[in-house]
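See structure below.
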Amino acid sequence: MLTVADTILIPTHSNPIRHLWIILAKAKQNPEEAIIVNITTQRSDSDKTTILKPSEHPFIKHTSNVNFADARIANIKHLEKAVRKEIAIKKDPLSANLLNKIQKGLLKSPHTPNKIKKLLIETLKHN
C-alpha cells in the first residue's frame, strides 16, 4: 500500500527511463487521489525552489531539483497496480523533514499548477 512520503520509480510513456516520483499528499475528499512530483537532475534552467542534496535521500546521487511544473494528481490504486506489476519500483520513503521541505516548495514555486497548490492547501488544512 502506498502512502504519503513514499517514493516510486515510474517510466513515462515516451521514455522508458524511470524517474523518482514522490507522493506528497492524499486528497481528503478522495483518498484515491494523490499529489505527486518528480525529481530531476539540476540544470541551468531548472526550478531552483527546492534543491535536494545526495545526503537527503538514498536514491539521490547528485544535486537535484523538484520539478514542480510537472506536479500532478495521480490515482493511488493505479500506482499500486504498477508497483505490483513491476512497471514501477517502490523506493525508500522520505523523512518527515524532507516531505515538509518539498510540500513547502510546492506552495512557493511559481511553476506549480494552481490546482495542485489549491489541493495541497486544502489537504494540509484538514490534517
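The values are calculated or read from the model by the stated rules, or taken from the named source; none is laboratory data. What you see is a predicted model; the values in this text were computed from it and never measured. Neighbour counts run over all protein chains shown; Cβ positions are idealised from the backbone, glycine included.
What are the pairs with Cβ atoms under 6 angstrom where one residue, in segment 64-84, is over 20 Å from Ile102 (Cβ atoms) and the other, located anywhere, is surrounded by fewer than 18 Cβ atoms within 10 Å (Cβ to Cβ)? Sequence gap at least six, or different chains. Cβ pairs passing all conditions: Asn75/Glu32; Lys77/Glu32; Val83/Lys90. Among the residues of this structure, Ala88 counts as one that is touching a Phe, Trp or Tyr at 6+ places or on another chain (Cβ under 9 Å) and modelled with pLDDT under 95. Listed by first and then second residue, the pairs linking a residue in segment 16-28 that is within 15 Å of Pro58 (Cβ to Cβ) to a residue that is aromatic (Phe, Trp, Tyr), with Cβ atoms under 8 Å apart and 6 or more places separating them unless they lie on different chains, are Leu20/Phe59.
Just the residues that are surrounded by fewer than 17 Cβ atoms within 10 Å (Cβ to Cβ), in a strand (DSSP E or B) and among the hydrophobic types (A, V, I, L, M, F, W, C), please, taken from segment 26-85. The answer is Ile51, Ala69, Ile73.
For Lys48, the conditions (1) within 30 Å of Gln29 (Cα to Cα); (2) modelled with pLDDT under 95; (3) among the charged types (D, E, K, R); (4) in contact with a strand residue (DSSP E or B) (Cβ under 8 Å, 6 or more places away or on another chain) all hold with the exception of (1).
None of Leu124, Leu106, Leu120 is surrounded by fewer than 18 Cβ atoms within 10 Å (Cβ to Cβ) and in contact (Cβ under 8 Å) with a residue 12 or more places away in the chain except Leu124.
Considering segment 10-25, the residues that are under 13 Å from Lys90 (Cβ atoms) and crowded, with 17+ Cβ neighbours inside 10 Å include one that is modelled with the lowest pLDDT, namely Ile10.
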